[in-house]
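Everything on this sheet refers to the single structure shown next.
The values are calculated or read from the model by the stated rules, or taken from the named source; none is laboratory data. Computed from a predicted structure; not experimentally measured. Note that we place each Cβ from the backbone using ideal geometry, even for glycine, and neighbour counts take in every protein chain shown.
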Amino acid sequence: MQQVNIRLARAEEASTLTDLSLASKAHWKYPHNYYRLWQQELTITADYINEHVVYVCESGDSICGYYSLVELEEDHSTAGIVLKAGIWLEHMFVHPETIGEKIGTRMFNHLCGVVEGLGGSLIHLLADPHARLFYEKMGCVYQQEYCSSIPGRTTPYLIFELHNRATEKRVNV
């Protein structure tokens, strides 16, 4: 594996990040109609990058992953669920060709440092069901299932407490 670099995303990379989101989801061979329903939530725009904390992970000269953090100032109700105030990991995608190369682990460790720098102590996330095990390996704790944007499907809600990070063995990269 080549050396990886994690840096802030640039607005002109929005379409690359959208393509990466779709390629990563496609790895799980979801039904085609899911992508029409996910189109809006998987589309990253230049405005999104400018308004939120978005980092990319590069291997060589190509982007192999990215994540984004969103801070909710107050509880937010959407689609029949309440998202709690705080810092949320909104997106974290790894290119399918780099799965197994610890890109996700490196990005997760990086985002923990970013959240600490923002003064946060807790990370909230709604994970793709296929990613739940990864997040649990990172130390996230499952809370409950929330309704997905796909009718009849749920998505796991997990939290990660940063104060536990100091006392636990750090995930190796």
- Going by the conditions given, is Pro156 within 14 Å of the chain's Cα centre (by Cα), loosely packed, with under 15 Cβ neighbours inside 10 Å and at pLDDT 90 or above? no
- Message: Give all pairs with beta carbons closer than 9 Å in which a residue from segment 131-152 that is closer than 24 Å to Gln39 by Cβ and at pLDDT 95 or above meets a residue that is in a loop (DSSP other than H, G, I, E, B) and among the charged types (D, E, K, R); count only pairs at least 6 apart in sequence or on separate chains.
- Response: none
- Of all residues in segment 14-39, count the ones that are surrounded by 14 or more Cβ atoms within 10 Å (Cβ to Cβ), over 14 Å from the mean Cα position of the chain (by Cα) and among the polar types (S, T, N, Q). 1
- Being crowded, with 18+ Cβ neighbours inside 10 Å, under 15 Å from Ile159 (Cα atoms) and among the hydrophobic types (A, V, I, L, M, F, W, C) narrows it down to one of Leu125, Leu72, Leu42, Leu133, so name that one. Leu125
- Query: So which residues in segment 137-166 are in a strand (DSSP E or B) and more than 23 Å from Lys102 (Cα to Cα)?
  - Reply: Gln143, Gln144, Glu145, Tyr146, Cys147, Thr154, Thr155
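Can you name the residue in segment 45-67 that is aromatic (Phe, Trp, Tyr) and in contact with a Leu (Cβ under 7 Å, 6 or more places away or on another chain) and, of all such residues, is surrounded by the most Cβ atoms within 10 Å (Cβ to Cβ)?
Out of the qualifying residues, it is Tyr66.
Would you tally the residues in segment 1-49 being closer than 20 Å to Asp128 by Cα, hydroxyl-bearing (Ser, Thr, Tyr) and without any contact (Cβ under 8 Å) to a residue 40 or more places away in the chain?
Total meeting the criteria: 4.
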